[in-house]
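Structure record follows, encoded as structure tokens.
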Amino acid sequence: MPQISFLTIQVHDMDVALQFYVDILGFSVRMKEDYPHYVLLDHDPFPIAIHAPGERNTAEYDKHANTVIGIGVIDIVSKLADLKARGVDLIHDAPKRFKFGLYAALRDPSGNIIELIEFKQK
């Protein structure tokens with residue numbers, strides 16, 4: 001079976017993207033030698049690359065977003081409150097229910113769609 005081994009997120013402004021992904025979401029920088037064009041973030045089991053310059057993503061979440069980045073969280077209500085207080089562009093102010101738990105969507109500063117997911121406890 002194929003395995004995803006790498007994820008690249010195109011951004012329009014590297015400094016703004018790093019402030020969002022590192023300071024707000026909590027990822028750490030693994031490699032910054034090619035800054036400001038390319039920065040690698042720590043993530044297991046594979047790294048996340050932030051690459052600029054990209055164009056601002058204008059896809060509508062429920063109509064045109066073909067790829068969504070999903071990030072698991074323990075307490076989605078608290079996480080949404082924290083992100084709202086930090087001025088993050090929330091698509092959903094409150095979690096939505098789905099078969100496997102709760103989710104809420106937001107946009108990064110480049111317009112990329114991210115879903116926070118709190119899976120049901122077994």
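The values are calculated or read from the model by the stated rules, or taken from the named source; none is laboratory data. Fair warning: this is a prediction, and the values are worked out from it, not measured in the lab. Glycine gets a Cβ as well: all are built from the backbone with ideal geometry, and neighbour counts include every protein chain shown.
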Candidates P95, P47 - the one that is surrounded by 11 or more Cβ atoms within 10 Å (Cβ to Cβ), assigned by TED's automatic domain parsing to the domain that holds G26 and not polar (S, T, N, Q): P47
Test set (1) of a type outside the set (V, I, T); (2) within 19 Å of I113 (Cα to Cα); (3) out of contact with any Asp or Glu (no Cβ under 7 Å at 6 or more places or on another chain) - Y35 fails condition number: (2)
Meets criteria (surrounded by 18 or more Cβ atoms within 10 Å (Cβ to Cβ), in the same structural domain as Q3 (by TED's automatic domain parsing), touching an Asp or Glu at 6+ places or on another chain (Cβ under 9 Å) and modelled with pLDDT of 95 or more) for Y103: no
Segment 82-122 - residue that is of a type in the set (A, V, I, L, M) and touching a Phe, Trp or Tyr at 6+ places or on another chain (Cβ under 6 Å) and, of those, nearest to Q19 (Cα to Cα): I113
Given (1) in contact with a helix residue (DSSP H, G or I) (Cβ under 6 Å, 6 or more places away or on another chain); (2) closer than 15 Å to I114 by Cβ; (3) of a type in the set (G, A, S), number of the condition A17 does not satisfy: (1)
Criterion: surrounded by fewer than 17 Cβ atoms within 10 Å (Cβ to Cβ), more than 27 Å from H51 (Cβ to Cβ) and modelled with pLDDT of 95 or more - qualifying residue of D82, D89, D75: D75
